[in-house]
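Below is one structure, written out as structure tokens, with a few remarks after it.
The values are calculated or read from the model by the stated rules, or taken from the named source; none is laboratory data. Quick caveat, the model's predicted, so the values are computed rather than measured. Virtual Cβ from ideal backbone geometry, glycine too; neighbours counted across all protein chains shown. Note: accessible area is taken over every heavy atom of the protein model, side chains too, but ligands, DNA and RNA are not part of it. Shrake-Rupley method; radii C 1.70, N 1.55, O 1.52, S 1.80 Å.
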Amino acid sequence: MTAAPIMPRISGRALDWAMVGGGALVLFGLALVSRAAASGELHSTLISPWHAPLYAGILLALYALLAGTQGAAPGGHLAQTLPAAYRISGLGLVLFAIGFVGDIVWQALAGDTTGPMATITPTHLLAFAGTALIMLGPLRSPSTAPGSGFVGQLPAVLAVGLLLALGGGVTQWANPITQVIAQNPVDQPLLAGASEIWEMAPDGSAQTRLSVAGEGASSGASWSSDGVRQASTVWSYVPGTDRATATGLTSKIVVAGPASQTMVSLRGEAGWVDGALFSPDGRTLALNVLHPFAGTAEPSVTLGPGSGAGNANVPQPNNPPVPIGNSLRATAGLQWDIATASADSNDVPHAVLTDLPGTEVVTAWSPDGASLLYHSDQSGNFEIYGLDLPTGTTRALTDNLATDDWAVWSPDGRRIVFASDRAGGTHLWMMNADGSNQVQFTSGVGDDWDPAWSPDGRYIAFLSNRDGNTEIYRLTADGSDLRNLTRTPNLDEWLTSGAWSNGARLLRYSAAQPIPSVNGDLSQAFVAIILQSLLITGLVLLALRAGRLPLGAITIILTVGVATLSVISQEYELIAAAFLTGVFADLLAWWLRPAGGLRRLLIFGFVLPAVALGAYFAALEVTGGIAWSAALMISALGLAGVTGLSLTALSHAGVHEGLRRD
């Protein structure tokens, strides 16, 4: 008696549809995960509610392939029992599994990577390659061969559309759908790209995200000297106000205990509070408060990396760090001053030095807790000062035409490290505690600023943009052993002088995705155009080579691909642009089909991406306006067309026959 199969056998078109259904779930899950990551709602890149469709799709594809082996002759290898067209899909499932397991190891060693750049970690790329191979099965299946009719070829067509969506998802860091380009300038919400609190070991390992931005932001992380409490700034929107203006934002200082429970919550009388630092005895907080100006001159208050010169990677002196990546201008009549508050109560911070006409930003406590270091522009440019708390007297420690700021005492109180641009670029300098013997400490390309001296005196962590974005670096107190700790090209980091935990076992910092300019960085925009043109043209050529392009197929491919990516960006008007482009391309392919030939195929290769980008521009114009000039758009259309033309010329062998097929 023959034993019943373990599961009902799936073959032919049923297998094709099951695999397409699994792939659709995977891509939908990928879109949800990417959108959650972009909005700061993703707690883990491995397990979350948004991953559910993705893993359900993988399980459906696995079930379909196993069911496809039922009834095969026993004794053979599993790969040999699969339908020939789906052996590559079986390999794809294996690669996905390796990528998944590898990602667990990767996160254990390198920490959780977030944001769009997380898609190009080696383990994620391996999983994406596996997903692409899964989708190739329906495209290779004999059940969807030319001549089987439109419905019969539909699984193969949908598979190409899903491959387009996958390619766009993997390259979402430079994709016109997910990183919308050419839009009219609009006011960004101030917490766009908001910062989150992270933690890592002193060697840069075990990078762990501790807070999720969501509708707020967290910055200015610092430790108490006993390593038990942590202070940070929590930013949030004021209900019913304009989120793109300073009046639409509020902040508070939160002091948390060992289990991250809130112990103290401090707000200022007006404006913002930020950058809280524990005194050595842990009883007092020094912080920066934005409050009504008490002097005789109107201040010009700007804060946030990127404010002055428009470069988010250049250190800005007047910056208690607001959400990293954005630029803010304080409302008129307010200025930054230094304040103190109890670390054990919710009392309103008490501002000091309010009679000075400039901006004062506190940067460090002295080891004995009797003094504060701060920088101020009261003399016309930023200089470093010491404030004796018992007497209220101040003393200038630097005096030159350069910008000197972000000063921190050594743990023994003998030296001060600070940032200065007196030698050209901004670098770290060292001086004695009384301001004497000022010498340059770091050098090289880029800027260095915002130092944090470890409690044991061994290391100095600091910020630098020498690798193209703001990263945390570390060197020894004698200036040796320079190393990049964070290595996160998709994030900008921020430190306070209280970043080191007791015993220098941990570094706590804030990080955020840089905010691109509203018009889009042109280099990224043109890279995005080239990549998208290659994806569209290449996949259509692949379908042509396989003869999988019945009339209407290009419309489905483009619409499915763009619709999936629109879930990430929530720019759903682009779906209509993709649909209209597909209709035009299908009519063009139908018109070219009788003659075929390389010349007309090259016409098709040029027109398809150019029309797709033109429809994209039209959708942006109709729904919000375009900031690009006509000349720039014409150049972009030409670049898209030439990209498609070049790819077609390089891969035309055998493709022109596809224009003749049904």
Tally, over the stretch 400-417, of residues that are within 17 Å of Leu463 (Cα to Cα) and modelled with pLDDT under 95: 4
Selection over the stretch 447-461 where residues are at positive phi and buried (at least 20 other Cβ atoms within 10 Å of the Cβ) yields a count of 1
Would you point out which residue out of Thr262, Thr233, Thr241, Thr245 is at pLDDT 85 or above and among the polar types (S, T, N, Q)? Thr233
Quick check on this structure: which one of Ala370, Ala364 is among the aliphatic types (A, V, I, L, M) and touching an Asp or Glu at 6+ places or on another chain (Cβ under 8 Å)? Ala370
At pLDDT 90 or above and open to solvent by 40 Å² or more (accessible area, probe 1.4 Å), is that true of Val622? no
Within the stretch 377-401, take every residue that is crowded, with 18+ Cβ neighbours inside 10 Å and among the hydrophobic types (A, V, I, L, M, F, W, C) and give me the one that is farthest from Ser366 (Cα to Cα). Phe382
Among the candidates Asp421, Asp405, residue that is of a type outside the set (Lys, Arg) and closer than 28 Å to Ala341 by Cα: Asp405
Identify all residues within the stretch 248-293 that are open to solvent by 40 Å² or more (accessible area, probe 1.4 Å), under 29 Å from the mean Cα position of the chain (by Cα) and among the aliphatic types (A, V, I, L, M); write none if there are none. Ala259
Cβ-Cβ distance below 7 Å, separation of 6 or more or different chains: which pairs start in the stretch 211-224 with a residue that is closer than 21 Å to Phe462 by Cβ and end on one that is modelled with pLDDT of 80 or more and of a type in the set (Lys, Arg)? Ala221/Arg508; Trp223/Arg508
I'd like the full set of residues that are among the small types (Gly, Ala, Ser) and modelled with pLDDT of 90 or more, limited to the stretch 520-536. Ser533
Restricting to the stretch 217-236, name every residue that is open to solvent by 10 Å² or more (accessible area, probe 1.4 Å) and under 21 Å from the mean Cα position of the chain (by Cα). Ser218, Val234, Ser236
Please count how many residues of the stretch 42-51 are open to solvent by less than 60 Å² (accessible area, probe 1.4 Å) and at pLDDT 85 or above. 1
Within the stretch 394-434, residues being part of a loop (DSSP other than H, G, I, E, B) and closer than 16 Å to Ala286 by Cα number 0
In the stretch 474-511, residue most open to solvent (accessible area, probe 1.4 Å) [restricted to those that are within 20 Å of the chain's Cα centre (by Cα), closer than 19 Å to Trp406 by Cβ and not polar (S, T, N, Q)]: Arg508
Could you list, in sequence order, all residues of the stretch 615-640 that are closer than 22 Å to Tyr572 by Cβ, of a type outside the set (A, V, I, L, M, F, W, C) and in contact (Cβ under 8 Å) with a residue 12 or more places away in the chain? Tyr616, Thr623, Gly624, Gly625
Among residues belonging to the stretch 181-209 that are among the hydrophobic types (A, V, I, L, M, F, W, C) and at pLDDT 85 or above, point out the one that is farthest from Ala276 (Cα to Cα). Ala206
Within the stretch 130-152, track down each residue that is open to solvent by 40 Å² or more (accessible area, probe 1.4 Å), over 17 Å from Ala61 (Cα atoms) and in a helix (DSSP H, G or I). Pro142, Phe150, Val151
